[in-house]
Amino acid sequence: MSIVVAKCTQCGANINVDATKEASVCEYCGVAFITEKAINYYNTTNTINISNATINMMSVNVDNLLIRAKEYEHSNEIEKALEYYNKILDVDATHSDARESVERIKNTIPICSISFLSGLFNSGDLILTRKNLTYQSKKKTEVYPIETIKNVKRLDARLWVTIIEPAIKLNIPVGNIQEAAAMEEAINNLIREK
Ligand SMILES: [Zn+2]
């Protein structure tokens, strides 16, 4: 005798069967079954239960992914944070926390960043994100939302950025034509998108 668990192919009840016997009768419904088929039926159903368990594990993983993503974001490892938020969205595309976080992070990642030297003593950086243009020098840091930029014009390596509010014109000597052109193009692309 070799008793194993099987599932009645007629009524679906879990039953113990003698695997050495070719056939048996179900103790619940009284219908005869082939032992091998009943064992296979039990094993197949069991496999489905295992895959259900896998789905449960995935929903646990989303919580862990969120913890990791926030840890990376707090330690300012932005690329990693973005990667983990996107992993969450791969599992659950409607996850609002992950969606908002991806949006928030994308708004803070520099699209284009250049250094400038204005006069002998005033050097700094011009940093463009999807939301803002930041003018950062030793003297001041000013943040201009993209909506407030009217246009940008370039002559060689010099940029003129016209801001509507406050109504000013930034005059920025970049010193490198390629970098100035890249910034000009990046700002214009954002203005066109808005
Ligand atoms: Zn049965």
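Could you name the aspartates and glutamates in cross-link range of Lys138, using Cα to Cα under 13 Å and dropping any fewer than eight places away on the same chain? Counting by Cα, and skipping residues close in sequence, Lys138 has these aspartates and glutamates nearby: Asp125. Bridging of Lys153 to aspartates and glutamates at a Cα separation below 12 Å is possible for Glu184, Glu185, once same-chain residues fewer than 8 apart are set aside.
A dipole drawn for the chain from +1 and -1 charges on Cβ atoms has a positive end, and of Tyr135, Ile109, Ile172 the residue lying farthest that way is Ile172. Compared with the dominant principal axis of the Cα atoms in the chain, helix 96-106 is inclined by about 30°. Looking at the chain, the pairs of alpha carbons with a distance over 21 Å make up 68% of the total. If only the Cβ of Lys and Arg carry +1 and only the Cβ of Asp and Glu carry -1, the dipole of the chain around its Cα centre is close to 900 debye.
Straight-line reach only, C-alpha to C-alpha below 25 angstrom: list the lysines that Lys87 could link to, leaving out same-chain residues fewer than 8 apart. Of all the lysines, those that pass the test against Lys87 - Cα under 25 Å, at least 8 places apart if same chain - are Lys70, Lys106, Lys131.
Building the convex hull from the alpha-carbon atoms of the stretch 110-185 and averaging its projection over directions returns 4.5 nm².
Taken together, the values in this text are just the output of simple stated rules run on the coordinates, not laboratory data. Nothing here was measured: the structure is a model prediction, and the numbers come from that model. Neighbour counts are summed over all protein chains in view; Cβ atoms, including those assigned to glycine, are modelled from backbone coordinates with ideal geometry.
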